[in-house]
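Read through the structure below, which is laid out as structure tokens, and then see the notes.
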Amino acid sequence: MVLLPDTRQIMLINNNVLTFVDSSNQRLHQLTVAQTVRWADSIVKNRSVFVALANNTLVRLSLYNQAGILRYQPAYTIELRANEVPVALYAHASVNGIAAITSQQQLLLINRISGEVVERRQLPVQPSGVSWFDSRVYVYGPDAYIRHEVRNMAGLSTTNSLLMPHLYEGYPAADQIWQTSSASDYQEIKMSLVPLLIGSLKASSLALLIAIPLALGAAVYTAYFARPRVRDSIKPTIEMLEAVPSVLIGFIAAIWLAPLAERFLFSIAVFMVTLPVILLFIALVQHRVAQSVSSELQNFAEAVLPVLGIVVYGYVCVAWAPDWLLAALDADDFTFFAHTTEVPVGKTTILVAIALGLAISPSIYSLAEDAISGVPHSLRQASYALGATRLQTLRRVVLKVAFPGIVAAMMLGFGRAFGETMIVLMVTGNTPIADWDLFAGLRALTANLAIELPEAEVHSIHYQVLFLTACVLFSFTFIVNTLAELLRQRSRRVKSHG
């Protein structure tokens, strides 16, 4: 029998059957394990019970809430040596570690989340109890005690505990969670890096989908279709946008764009995605319209037509696109749509992607425009001489030659989006969720560092895990930027030899 006062339950053991009853001896639930139970005990707060079986295994039973009833279910199994039985165990108050002593004079340090035995020490005598305070483990018997110093507490965090899904106390199923703070001691510290990685990848990838059509469409227009005078005025203007601080973009998105998300989020998304098609259409008709007016108005027509077309198309997206969506969904407004479908319309990934995509577009545009305009003029003339049109030359000659430079521009933009801090910090809800849903919130690696690093205790496991995420962030951006630079240099060599 094992008393579980914090959960108001009692565990009764009969061979391999565990029966949980309340204080009035009313049976709550029953659990059958694989082998006969040889030993059982719980840790502080009774949210986890450890059961040693006859097949030399130690099973952890974790508590969860099922329809208002607290039940225990197996979380993981620890392999023990032959005929080895635990004598006592003790959980650390603020670290995911458990110290256990066994009948074979062994001291085990166990990762509380994954069940991995990170260290095993031989003891000179057989102790009867164990305690763990800070970095000191005390094993004691009736006559004396031995103190063991754990020099590297960060070693308790393993790759498995940081990346794989685990069954946490109070959760019905295994999950990947980042939650480093708790209301009291002896709580599980959830440090899964997966929600942070998913948040960074989700935000940067979707931002790239927004930025690539804008930047590449503008680069093709200014480098290939626009006249030199128009190009000389547009390119510096777009490149000046790169000097706008990201904190300003994040502030505008959080204060102005987020409240408009209910109605205009869909309109903005449609406008961003379909804008390259509109720009291509404008480029096709621009020359014909300019030729139909007098020579004095040709330059004016070429400059005004793209701006006028974009403004008119933007008005169509804002005025009509939301009504088309509501009619297709048979809904009255976006609030009703959000409530009935349980899809949030506030600080979602799409809103972050729009702000982040606008921030990285000038960088992608500048490099892509240089790659396209750097294609040797002789290649274009040779294509024209063979009877190819301007669009055929663009698609089959210019873009193919400039492709490495364009890819390098995209990779550099992705690297900047992945390493962006202020926009994802200000625009998102900063909720670490391991979900690829575009309407859900997120927390990026960079935002997590900005939020938690100032409050982390120096040299603690939390502090060192945060530095691990910083190393992951640095390594990823370093690799992406290095590959992009190598591609850009290769593109230059190809053009110089062409």
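A short reminder: the numbers here are calculations on the coordinates, not readings from a lab. This one's a predicted model, so the numbers in the text were calculated from it and none came from an experiment. When we count neighbours, we look across all protein chains shown, and the Cβ atoms used for this are built from the backbone with ideal geometry, even at glycine.
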Output the relative contact order of the chain, whole-number percent, from Cα pairs under 8 angstrom with separation of 6+ residues. 13 percent
Pick out, in residue order, every one of the chymotrypsin sites (Phe, Trp or Tyr not before Pro) in the stretch 408-498 that is DSSP loop and has at most 14 other C-beta atoms within 10 Å; say none if there are none. W436
When we measure straight from the Cα of K202, which aspartates and glutamates land under 17 angstrom away, once same-chain ones fewer than 8 places off are left out? E420, D435, D437
Equivalent-ellipsoid semi-axes of the stretch 194-497, from the Cα gyration tensor, Å, largest first: 37, 27, 15
Show log10 I(q)/I(0) for the stretch 2-190 at q = 0.08, 0.16, 0.17 Å⁻¹, two decimals, from a solvent-free Debye sum over equal Cα scatterers. -0.25, -1.05, -1.19
Sum -39500 (n - 2.57) across every DSSP H segment of at least 4 residues in the chain, then divide by the residue count to get the 222 nm mean residue ellipticity, nearest 500. -15500 deg cm²/dmol
Order 425-432, 119-126, 158-165 from most to least packed using the mean count of other Cβ atoms within 10 Å. 425-432, 158-165, 119-126
Using alpha carbons only, how many angstrom separate the centre of the stretch 21-92 from the centre of the stretch 273-293? 71 Å
In Å³ and rounded to a whole number, note down the convex hull volume per residue for the Cα atoms of the stretch 350-445. 110 Å³
Could you tell me the relative contact order of the stretch 388-498? Use alpha-carbon pairs under 8 Å, at least six residues apart, and round to a whole percent. 37 percent
